[in-house]
Amino acid sequence: MKNIYMFLVRLCSLLFAGQRKTQVTYLMSFGNNNEFVSRLAERIAPLKLNVYYQHEVENDVQELKTIKTIQLTEFDNGSFVFFKLIPQLMRSKLILIDNYYPFMGGIIKTKRMRVSQLWHANGAIKEFGFSDPSTERRRPSAQVRFQRVYDVMDDIFVGSQKMADIFQINYRLDGHQMRKLGYPRSDKFSDKNWVTQARDKFFTRCPELKDKRLILYAPTYRKGVKFSFAPGFENLKLPKNTVLILRLHPHLQDLEKQWEQKESFITSIDPKISTDELLTVTDTLVTDYSSILFDYTLLDNAHNIGLFTFDQNDFEKKVGLQRDFSDDFHAIMITSVDQLSRFFANPEDQKSIIMAINETWNQYNDGKATERIIDFLMKRSGF
C-alpha cells in the first residue's frame, strides 16, 4: 500500500511539475518556532508565507493568525495531500520542513525547488533515521522510501558539528547538505528580554513559587506508552523549600494534574506556560533522553542537570540511543530513586559540565541563528 501511495504522490506531482515556482511553504508538525516563521514572513513580504500545520500544533499557531502575510492551513495525510498540498508544493521555490514527511520522497523535485530542514530539536540523544533499531527491521523497500525523503533535502540546519555528524550518519548523506548556522528555536534563550518576560509571566501566575527552589522533571515522550514514574518513585525525598514540577509531552499533559493528586511532592503547572518558559525559572533540570537538555544549558539559571536513566537498557533496545551516550553523559546520569534524592540534597558545581555541553552541542547557537538562516535562504532561493 505504501508503494502505491508513493506512486500516486509522484503521479500527482508530475501533473503540476510545470507550475511556475513562486511560493514559499512551511510544513509544521512541531510548534515553538513562531519567531522564525514570523521573521521569514516579514522578509518575503508582500509574498505570503504558506504554513501548513498538523492538528497537534493548533494552539501554537494561534499567534501567527494576526500576521496578514501568513496563510495558515491545517492538513492531514489523507486526500488533502493530493488535492491541496502537493499542488502547493509544486508551486513552491522554497519548502521548509520540521520533520519526516513521507510524501516528500515521492514529489518530483525540479531544479527550481529548494527543500530545507529546520529540525524540531536542538540536539539528539535518541536514535532516529537509519540508526533507529526499528528501521533495521523494516523491509528494503521501506528503507528505500526513507532514503528518498532524506535525499530530497538541499539544506539541513544545525547548531553544532556534532549534530551535523549525527544527521549525516542517520540519513546516510555525504554531508554537503549540512548548514552550520545555528538552531533558530534556541535564539530566545539568548534574548534577555524574552527570558525576563518568561520569568515575569511564570511568577505572575505562580506567585507562591517565588522563593522556592524549582526542579523541573521533563522526561521524553515514549510513543504508545502512558507515562509512569520509576519503580520506588514514591520514596523520593525533596529538600526543604523545594518544588518538583512535572512537565510531560503535550500528548500526555492531562496526566500531570492526575499525578499531582496522587503524589504530594508533584506540582503541575498550567500548560499555558510553555516548557521553554519553565526552563527560565528552573534551578535544576531532570530529564532522561530529551534534547531539552541542550536548550536549558544555554540559560544563565542552568545550575544543575541530571539524566534519570533508570530504564536505559530497555529504552536502548526499543528506541535506541546515540552510540556514545554513556561516554558523553556518564557524569550526569542517575539510575535510582535513592541516587536522585541525593542529587537533589547535595547539588554539585556543574559549571564545567554545562560549559562542555554547550561547546559540543550549542557551538553555533549564539542567539542569531534565525537571522543567519533567513539571510542564507533569501540568497540561495533568489529573493
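Observations
- Taking the C-alpha atoms only, the angle from helix 369-380 to the longest principal axis of the chain is near 10 degrees.
- Per residue, the chain reaches -9500 deg cm²/dmol at 222 nm when only DSSP H runs of four or more residues are counted, each adding -39500 (n - 2.57).
- Here the stretch 307-357 yields Rg over Rh of 1.01, to two decimals, using C-alpha coordinates and the Kirkwood radius.
- Given charges at Cβ of Lys, Arg, Asp, Glu: the stretch 238-279 dipole, positive-most of Trp259, Thr242, Thr275: Thr242
- Relative contact order of the stretch 134-249: 19 percent, from C-alpha pairs under 8 Å at least 6 residues apart in sequence.
- Cα centre as origin, Lys/Arg/Asp/Glu Cβ charges: the stretch 263-312 dipole, Debye: 20
- Remark on Tyr53: its backbone amide H falls under 5 Å from those of Met28, Thr73, Glu74, Phe75, a criterion applied only to residues 5 or more positions apart or on other chains, H modelled at 1.01 Å from N.
- The chain, dipole about Cα centre (Lys/Arg Cβ +1, Asp/Glu Cβ -1), debye to the nearest 20: 1880
- Per the Debye calculation on the stretch 110-210 with a single equal scatterer at every Cα and no solvent contribution, log₁₀ I(q)/I(0) for q = 0.17, 0.23, 0.25 Å⁻¹ amounts to -0.83, -1.21, -1.33.
- Helix 161-171 vs. the chain, principal-axis angle (Cα, 0 to 90°, nearest 10): 60
- Lysines whose Cα lies under 22 Å from that of Lys351, excluding same-chain neighbours fewer than 8 positions away: Lys162, Lys188, Lys192, Lys212
- Rolling a 1.4 Å probe over the heavy atoms of the protein chains gives the chain an accessible area of 48 Å² per residue.
- With respect to the chain, whose longest principal axis is taken over its alpha-carbon atoms, helix 140-151 is tilted by about 90°.
- The mean of 1/r over all distinct Cα pairs in the stretch 43-165, once inverted, gives the Kirkwood hydrodynamic radius of 16.4 Å.
- Gyration tensor verdict on the stretch 224-383 (Cα atoms; rounded if a/c is under 1.5, prolate if a/b is larger than b/c, oblate otherwise): prolate
- Share of carbon and sulfur in the accessible heavy-atom surface of the chain [1.4 Å probe, %]: 49
- Average Cα contact separation per residue, the chain, under 8 Å, 6 or more apart, as relative contact order %: 17
- Inverse of mean 1/r across different Cα pairs in the chain, Kirkwood, Å: 22.2
- Whole-angstrom gap from the stretch 368-383 to the stretch 207-245, using each part's C-alpha centre: 40
The values are calculated or read from the model by the stated rules, or taken from the named source; none is laboratory data. Here the structure is a predicted model, which means the values were calculated and not measured. Glycine also receives a Cβ, built like all others from the backbone with ideal geometry; neighbour counts cover every protein chain displayed. Accessible surface is based on the protein model in full, side chains and every heavy atom, while ligands, DNA and RNA are left aside. Shrake-Rupley method; radii C 1.70, N 1.55, O 1.52, S 1.80 Å.
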